[in-house]
1. At q = 0.13, 0.20 Å⁻¹, what base-10 log of I(q)/I(0) does the Debye formula yield for segment 114-194 when every alpha carbon is treated as an equal point scatterer in vacuo?
2. Once phi is turned into ³J(HN,Hα) by the Karplus curve 6.51 cos²θ - 1.76 cosθ + 1.60 with θ = phi - 60°, what whole-Hz value does each residue of segment 162-173 show in order, with x for glycine and proline?
3. Taking the Cβ of residue 78 as the centre, find all other residues whose Cβ is under 9 Å away and add up their charges (Lys, Arg: +1; Asp, Glu: -1).
4. P(r) of segment 102-244 in 5 Å steps, Cα pairs, percent per bin?
5. Could you list which residues have their amide H under 5 Å from that of residue 77, counting only those 5 or more apart in sequence or on another chain, with H placed in the peptide plane?
6. Sequence-distant or interchain residues sharing an amide H contact under 5 Å with residue 84, placed H: which?
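Nothing in this text is a laboratory measurement; each read-out follows from the coordinates by a stated rule. Note that the structure is a prediction, hence the values are computed from the model and not measured. Every residue, glycine among them, receives a Cβ derived from its backbone with ideal geometry; neighbour counts consider all protein chains shown.
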Amino acid sequence: MPAFRDDDPARLKLELQALPRGSAVAEVARQMTSLIARGQFPPGSRLPPERQLAEALGVGRSAVREALAALEILGLVQVRPGSGTYIRDSMSELLPTTLSWGLMLSAEHTAHLSEVRSALEVRAASLAAERIDDEDLQRLRTHLEAMEAHTTDRQAFIEADAGFHLHLARAAGNEVMSDLLQTVRSLLRVWVERGLRNEEQAVTACREHRAVYEAIAARDAQQAAVAMTAHMRTAGDRVEHADTAPAEAGAAAVTERTA
C-alpha cells in the first residue's frame, strides 16, 4: 500500500467549470482526468470532498461519486473509506488527456478501441520474443499456468489473463507501449470481462495464450505476432458480442471493485 500525503483539500486550487445539462458524469470524469494529467492534483494527494467538487462543477454529489468510482476502475484514484479519495501514486496509470472519456462509455467505439489494442498487443508480442529475459519468461509461464488451472473460476482466470498481458507488454521493453496498452485494456476491461461467458471460451483463450507463450519462449518474433493476431481476433469477437450494456457493466465492475 503506497504512503499517501495527508494534504488539506482546501489548499488544492480548483480549475473546474460548471457543466452543461445532460453530460454530468462523463464531463466530471473528463475534467478530473485533465486536472490530474496536468499535475493539478499530484500523485498521492487527496482530492477535495465530493461536496466541494459538486459545488464547483454545479452538479449533484451523485454525479461526482459515479465519476470518481469510474476513475477508480481505471486505476487513477483510490477511495479510502473514512479518509477520502486519493490520486494513485503511479503516474504510469494516468490516462493521457488525448484519450476521450467517451471511449469507455460508448458501445459504438469498442470495436475501434479493440483494433487499437490488437495492433499494440501484436507488436508487443513480437518485441517480447526478441527481448524477453528468463525471469520474465518464467513470470509469463506462471500466469499461463494459473489461467489453465482456473478455467472454471472466472475471476481468477481474468486476473491471470490480465497478468499475462501485463508482463508480456513489460517484456517488450517499450515503456510507452506498455502504458498505452494498460490504458486501452482499462477502457475495455468491463467489456472483456462480460465477453468471457463460459468455460469453453476460457479453454480456447488458454490454447491461444499458450501458442503466444511458446513462440515467445522460442524467441520467434514472427510466430509470436501470428499467434497474438489469432488471439486478438477471437478476443475482439467476444468484446463485440458482449451482451451487457456499458452502464450496467460499469456498475457491476464498481460493485466488484468496492465489495
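1. -0.39, -0.91
2. 4, x, 4, 5, 5, 6, 5, 4, 5, 5, 5, x
3. 0
4. 2, 11, 21, 24, 22, 14, 5, 1, 0
5. For residue 77, the qualifying residues are 72, 88.
6. none
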